[in-house]
Amino acid sequence: MDKLIINGGRKLKGEVTVSGSKNASLPICIAAALAPGASTITNVPRLRDITTTAKLLESLGATIERHENTMRIDAGTINTVEATYDLVKTMRASVLVLGPLLARFGRSRVSLPGGCAIGARPIDQHLKGLKALGAEITLEHGYVEAIAKKGLKGARINFDVSTVGGTEHLMMAAAIAKGESILENAAREPEIADLADYLNRMGAKIEGAGTDTIRIQGVSELTPAAYEVMPDRIEAGTFMCAAAITGGDVKIKGMKLEHLDALTFKLMDAGVEITNRNDVVRVKGPRRPQAVNIKTRPYPGFATDMQAQFMALMCVAEGASVISENIFENRFMHVSELQRFGADITVEGNSATVKGVKKLSGAPVMATDLRASACLVLAGLAAEGTTEIQRIYHLDRGYEQIETKLAGLGADIKRVPE
């Protein structure tokens, strides 16, 4: 198991290129199972979760070829509709195979999902939607079994809460259901629009993705397609915060700033200078950021996946900030680790009050989940002295070679075996 060693206090400078989106790649790769034949997906990041997705598809019988950031998925060889616990337990997004297999083959059996321990994320909205599309659902022995002997039929589905995974799941299933489906109170994240673009490339008829109402005219079949995944907005946001917390000057290439409006405005409120020219975003950190309050919300609000990184920045801000987490109830696990750096943070319910300190001090810390890992890296970059981050396998789930990219910006960071 590897760990990261960071000698902090260096201002980041230079250029960095954002990788393809993890959160878009996962459902897009799974959507390839809807069409017999080979789809070629490019700009796929090399991450643990992508490897898990490839293994999951291979366990179903699909043939996978990977080269650098390209994945060729031949779903014509799928020969089973069961996704076992051994694979599904390691990644929550694995449950998304349930709907595509059901829609294509009339039956599927998938283990209940696992993933990051950041709070309860039930799949009730997924199952509610599949039932509305005509599926018979049973839950036994830790597995969800879905049957639609006569195929799925279009339906009007109103989500009780905004759910990214549920929206993606039902959009895929409805793509080859009979008739029209309407998804109301749908999640609006850019990754959902990216998935819809891929499905439409395959021959689906989907309108409104990226808004809260999505209309899907079911088609009889989909065909394989080539597609390039969107850039990772959370990785881009993490680099923006890295430039800000080190007082650096970084140019970020390959990102879409419009996907990060909520973060951008908060960084600017904190005194960070941000410019966008010819699709290159330049981020210049202040001598010391100003304290800013944030509340996480569904897109286009402030992303819960950026909360931990922004908290790291607020740890060295001038003044006190209040950070409210409204998406997941257990997403302050990084607080105790930030306190090891000397951060002054008090948690009450779903809010954390952060009183900025002039300097953080390097410390041995342990990552608890994916975004907490990134938060600790940022704190280590800004801290005086040496930081050692253990359990960075969490980091490898969502960031492609982050230590290499940060080293290219002048950070003193290296990966070593524990």
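Only one entry in Ala75, Ala38, Ala83, Ala24 is on the phi < 0 side of the Ramachandran plot, out of contact with any strand residue (DSSP E or B) (no Cβ under 8 Å at 6 or more places or on another chain) and of a type in the set (A, V, I, L, M), namely Ala24. Identify all residues within segment 119-162 that are modelled with pLDDT of 95 or more, among the β-branched types (Val, Ile, Thr) and buried (at least 21 other Cβ atoms within 10 Å of the Cβ); write none if there are none. Ile157 - this is the single residue of segment 119-162 that is modelled with pLDDT of 95 or more, among the β-branched types (Val, Ile, Thr) and buried (at least 21 other Cβ atoms within 10 Å of the Cβ). Scanning segment 171-223 for residues that are among the hydroxyl-bearing types (Ser, Thr, Tyr) and within 12 Å of Ala32 (Cα to Cα) gives Tyr198, Thr223.
Once segment 226-282 is narrowed to residues that are among the acidic types (Asp, Glu) and touching a residue at least 12 places away in the same chain (Cβ under 8 Å), the residue that is nearest to Gly408 (Cα to Cα) is Asp249. Does segment 287-297 contain at least one residue that is part of a helix (DSSP H, G or I), more than 24 Å from Gly380 (Cα to Cα) and assigned by TED's automatic domain parsing to the domain that holds Glu325? Scanning segment 287-297 turns up no residue that is part of a helix (DSSP H, G or I), more than 24 Å from Gly380 (Cα to Cα) and assigned by TED's automatic domain parsing to the domain that holds Glu325.
Give me the residue from segment 265-280 that is more than 15 Å from Glu318 (Cβ to Cβ) and among the acidic types (Asp, Glu) and, out of that set, surrounded by the fewest Cβ atoms within 10 Å (Cβ to Cβ). Step by step, filter segment 265-280, then rank; the result is Asp279.
Counting only residues that are within 23 Å of the chain's Cα centre (by Cα) and of a type in the set (S, T, N, Q), which one in segment 298-335 is surrounded by the most Cβ atoms within 10 Å (Cβ to Cβ)? The extreme case among them is Gln309. Across segment 251-258, not a single residue is classified as more than 21 Å from Ser19 (Cβ to Cβ) and either at pLDDT 95 or above or in contact with a Cys (Cβ under 9 Å, 6 or more places away or on another chain) (or both). Determine whether segment 49-56 contains at least one residue that is at pLDDT 95 or above, small (Gly, Ala, Ser) and more than 19 Å from His169 (Cβ to Cβ). Among the residues of segment 49-56, at least one is at pLDDT 95 or above, small (Gly, Ala, Ser) and more than 19 Å from His169 (Cβ to Cβ), which makes the answer yes.
Counting the residues of segment 14-71 that are within 14 Å of the chain's Cα centre (by Cα) and free of Cβ contacts under 8 Å to residues at least 40 places away in the same chain gives 1.
In summary, Ala242 fulfils each of the numbered conditions (1) more than 18 Å from Ile323 (Cα to Cα); (2) touching a Ser or Thr at 6+ places or on another chain (Cβ under 8 Å) with the single exception of condition (2).
The values are calculated or read from the model by the stated rules, or taken from the named source; none is laboratory data. This structure is a prediction, so every number in the text was calculated from the model and none was measured. Using ideal geometry, Cβ is built from the backbone for each residue, glycine included, and neighbour counts are taken over all protein chains shown.
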